[in-house]
Amino acid sequence: MGVGHRTSDIGHRTGAFSLLEVILALAIVAMVLAAIAPALIGTLRAERQARRVLEPLAQEQVAFAMLRDDLLAAPMPNGSVAEAFTVVTASVDGRRGDIVTLFSAAPPALPPRIAKRAPELGQALVTWKTQAADDGRGLAWTRSRRANLLATGTAPEPAAEILLEHLAELTVETLTGTTWSDSYDSDDQGQVLPLAVRITYALLDENGEPGPKRQVVIDLPQVALDPLQNGGT
């Protein structure tokens with residue numbers, strides 16, 4: 001009987017923690033947290049900083065890839081009517097933001113059955129321009145696509161898709177011969193594309209100041225916008 005009682009008492013004592021043990025455990029946890037907290041905070045700050053740097057770069061790559069596709073689709077296929085390719089100097093709220101307008105032969109992002117245009121298919125007037133950013137921080141670079149969605153010839157007002165935000169400025173230049181120009185009109189250039197398009201831009205930093213200028217150059221084929229000039233029939 002006595003032995004059994006002592007065994008039960010030992011089991012009761014080993015199944016609980018004393019106040020001193022709890023305090024020691026909490027102290028150890030606090031010391032560990034104090035040791036790793038700076039590392040965790042530094043990791044979170046580095047992640048936020050990396051996100052601030054990488055997200056704009058990803059947006060820029062998408063934007064310039066779309067612009068390149070539009071530019072390469074500017075020459076019209078046979079049976080189309082050539083339209084002007086223009087670059088115009090403009091500004092918004094005192095900030096430089098040029099405008100590019102071209103007639104693109106790229107397929108629309110709609111089923112051909114819906115986007116069909118008589119007698120053309122998938123062609124639209126594409127405009128790249130800047131507008132004031134929605135949050136008031138600099139400019140936003142937008143792309144809009146005006147297409148006749150029905151054979152009736154109706155042309156709904158296009159929605160502007162924002163591709164880059166928080167711009168301090170954006171200029172567009174075209175290369176003709178060996179000279180860069182800040183304006184271009186294919187009506188005055190024999191209805192041919194320029195040799196290249198150069199975009200110079202700067203983003204606003206965290207303090208709202210213009211950051212370093214960046215440049216992107218898109219080389220273009222020296223072809224006529226009018227298919228008949230390219231040997232079409």
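Laboratory data are not the source of any read-out in this text; all were calculated from the coordinates shown. Just so you know, these numbers come straight off a predicted model, no measurement behind them. Heads up, the Cβs are rebuilt from the backbone with ideal geometry, glycines too, and the neighbour counts pull from every protein chain shown.
In this label model, residue 32 and residue 196 are separated by 5.9 nm, measuring between points 7 Å along each Cα→Cβ vector. A Förster radius of 35 Å, combined with the Cβ-Cβ distance separating residue 40 from residue 206, puts the computed FRET efficiency at roughly 0.95. Sparse packing (at most 10 other Cβ atoms within 10 Å of the Cβ) combined with a DSSP loop state is found for the following GluC sites (Glu not before Pro) in the range 167-225: 206.
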